[in-house]
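To keep things clear, I will list the structure first and then write my remarks on it.
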Amino acid sequence: MADTRATVAIGSLAALLLVGAIAVQAGFVPTPWADQYGEATVTISDESGERLAVVQAEVADTRHERYTGLSEHDSLAAGRGMLFVYENEQDLTYVMRNMSFGIDIVYVGADNRITEIHEAPKPGPNEDGESMEYPGRGQYVLEVPKGYMAANNVTEGDRIEIEYRDE
C-alpha cells in the first residue's frame, strides 16, 4: 500500500514537472530564472544613411514576452520602445491588448527595412484593444510612442540597425 502511494506521488510529480517544462519551452510561461527582457539599441537611418532616430528598446523574443508586450507599462518615453524578434520574416497582426497609451507599430523585414508603420491610438474606455488590429509583415516589430516615427521623419523603406546588449 505504501509502495503504491509513493509510486503515484512520484508519477504525479514527474507529470507536473513535464507539463511545466513544456509550458516554459513553448513560451506560455516565462522561464522563472531568466530576465524578463534583454535590451537593444535600434538605430533608424534613411536611404542615404542619415540617422533619423535612436531607440533604446526592451527585447521581447519569447512567446510570453511577445504576448505581453507593452501592456504592463503605464507609459513610454520618447526614444524608448520594445523590439519584438521572430526567427523568420512572416505575416503578423498586432493588437492593442490592455494598452493604456498609443504607440507606433513598425514592421521590419529580414533585410532590416521598414515595411509598414501604423499609428495605433490607445483603446477607448470600453475597449480592451483586442479588436484594434494592425497587420504587417516582418521579422521584427518595433513599438515606440505614438507619433514618434512621424516626428523623426521615419518612413517605409528606411533601415534599422540593432545592437543587442546584456543587462
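The values are calculated or read from the model by the stated rules, or taken from the named source; none is laboratory data. Bear in mind that the values here come from a model prediction, so they are computed numbers and not experimental data. Note that each Cβ is placed from the backbone with ideal geometry, even for glycine, and that neighbours are counted across all protein chains shown. Side chains are part of the model used for accessible areas, which takes the heavy atoms of the whole protein and leaves out ligands, DNA and RNA. Shrake-Rupley method; radii C 1.70, N 1.55, O 1.52, S 1.80 Å.
Here are some conditions: (1) at pLDDT below 95; (2) surrounded by 14 or more Cβ atoms within 10 Å (Cβ to Cβ). D158 meets all but one. Which one does it not meet?
Of the numbered conditions (1) at pLDDT below 95; (2) surrounded by 14 or more Cβ atoms within 10 Å (Cβ to Cβ), the odd one out for D158 is (1).
Which pairs turn up if I take residues in the stretch 87-103 that are closer than 16 Å to K122 by Cα and open to solvent by less than 70 Å² (accessible area, probe 1.4 Å) and look for partners that are among the acidic types (D, E) and not in a loop (DSSP other than H, G, I, E, B) with beta carbon separation below 6 Å, at least 6 apart in sequence or on another chain?
Cβ pairs passing all conditions: V95/E133; I103/E143.
Tell me whether the stretch 53-69 contains one or more residues that are within 13 Å of D158 (Cβ to Cβ) and crowded, with 16+ Cβ neighbours inside 10 Å.
The answer is yes; a qualifying residue exists.
Residue check, A78 against (1) open to solvent by less than 10 Å² (accessible area, probe 1.4 Å); (2) touching a helix residue (DSSP H, G or I) at 6+ places or on another chain (Cβ under 7 Å); (3) touching a residue at least 60 places away in the same chain (Cβ under 8 Å), all met but one. Which one?
(1)
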